[in-house]
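What follows is a short report on a single structure.
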Amino acid sequence: MIRLFVPEPLSAGAEITLPAEQAHYLSGVMRRAAGDEVALFNGADGEWRAVLSEVGRRGCRLRIEQCVREQETPPDLDLIVALVKRSRLETIVEKATELGARRVRLAVTRFTNADHARVDRLRAIAIEAAEQTGRLDVPEIVQAERFDRILADWAAPRRLMFCDEVGDARPVIEALALAPRGEPWAILIGPEGGFAAQERERLRGQSFVTPVTLGPRILRADTAAISALTLWQAAAGDWVV
Ligand code: SAH
């Protein structure tokens, strides 16, 4: 069954018109016709079965029939990732969506060599990944922020799992076993050039920071993000029964 994210409120009997791109995908690419069913979600109202009531050159109309899944939200987990090369950033957003991050924040650190990202493009990637992975929400993608501001504005009680490729941090599983439970978390991944010495020092001086190692090898930012999200989900997130 095709799943589509739509911005409209969803309720029984309502009708919506799809924008040109989704209409083309449904009728032109996926060859759906009037009478066929699709699933819709909007991040707030759960998942709904809808029927294509009109397929034409002027677009597709859908009649919303029945709620098939109640809304649910993933654990309160942010991924904060330094701006890295565009293709890696796109991979990171796609995988973070599959792995259940609730928000992706982009950070400008000392050694990032960009100061902005195409957030609209990243949002489109998150929507597509959410449709494919069966999520009922789409992670929020936050425009790039200066890393020192992120730390200065930190809102307790959120904890920060700092993936530190240098030195003596604890292994993730051990660190998470010792950390307080049931609190919001964020995972921090640095840029290709790593964190500057002052940034590492500042991080390690914060009471909300838990530095962790992802093993003895240096990972690319995309591999590090996927590994960290996986380990967090397995140790403290919604993979734990
Ligand atoms: N500092 C390195 C590379 C940075 S890798 C260099 O000079 O080339 C990009 C980011 O991935 C790091 O900042 C860190 O957050 C994360 N990372 C990579 N390997 C890691 C490891 N073994 N343990 C913890 N974090 C790691």
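A compact table of results
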read-out: Residue ID - surrounded by the fewest Cβ atoms within 10 Å (Cβ to Cβ), chosen from residues in the range 186-232 that are among the acidic types (Asp, Glu) and in contact with a helix residue (DSSP H, G or I) (Cβ under 9 Å, 6 or more places away or on another chain); value: GLU192
read-out: Breaking point among (1) closer than 16 Å to PRO7 by Cβ; (2) crowded, with 16+ Cβ neighbours inside 10 Å, for ASP36; value: (1)
read-out: Residues of the range 129-172 satisfying the condition of being in a helix (DSSP H, G or I) and polar (S, T, N, Q); value: GLN132, THR133
read-out: Search result, residues across the range 45-93 that are within 28 Å of GLY28 (Cα to Cα), part of a strand (DSSP E or B), β-branched (Val, Ile, Thr) and touching a residue at least 24 places away in the same chain (Cβ under 8 Å); value: VAL55, ILE64, VAL68
read-out: Matching option when the condition is over 22 Å from ARG103 (Cα atoms), more than 9 Å from the ligand (Cβ to nearest atom) and not β-branched (Val, Ile, Thr), among LEU151, LEU160, LEU178; value: LEU178
read-out: Lone qualifier among ARG135, ARG220 - being within 13 Å of the ligand (Cβ to nearest atom) and under 23 Å from the mean Cα position of the chain (by Cα); value: ARG220
read-out: Which listed residue is crowded, with 18+ Cβ neighbours inside 10 Å, basic (Lys, Arg) and in contact with a helix residue (DSSP H, G or I) (Cβ under 9 Å, 6 or more places away or on another chain), from ARG110, ARG121, ARG105, ARG86; value: ARG105
read-out: Qualifying positions in the range 21-44 - part of a loop (DSSP other than H, G, I, E, B) and in contact (Cβ under 8 Å) with a residue 24 or more places away in the chain; value: MET30, ARG32, ASN42, GLY43, ALA44
read-out: Qualifying positions in the range 223-241 - more than 14 Å from the ligand (Cβ to nearest atom) and not in a loop (DSSP other than H, G, I, E, B); value: GLN233, ALA234, ALA235, ALA236
read-out: Any hit, the range 202-213, residues being within 8 Å of the ligand (Cβ to nearest atom) and within 25 Å of THR97 (Cβ to Cβ); value: yes
read-out: Residue within the range 186-199 that is under 30 Å from PHE5 (Cβ atoms) and either more than 10 Å from the ligand (Cβ to nearest atom) or free of Cβ contacts under 8 Å to residues at least 40 places away in the same chain (or both) present; value: yes
read-out: For LEU160: the one exception among (1) closer than 22 Å to SER87 by Cα; (2) surrounded by 13 or more Cβ atoms within 10 Å (Cβ to Cβ); value: (1)
read-out: Check on VAL172, within 30 Å of VAL68 (Cα to Cα) and touching a residue at least 60 places away in the same chain (Cβ under 8 Å); value: no
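Every read-out reported here was derived from the displayed coordinates using simple, explicitly stated rules and does not represent laboratory data. Model, not experiment: these values are computed from the prediction. Every residue, glycine among them, receives a Cβ derived from its backbone with ideal geometry; neighbour counts consider all protein chains shown.
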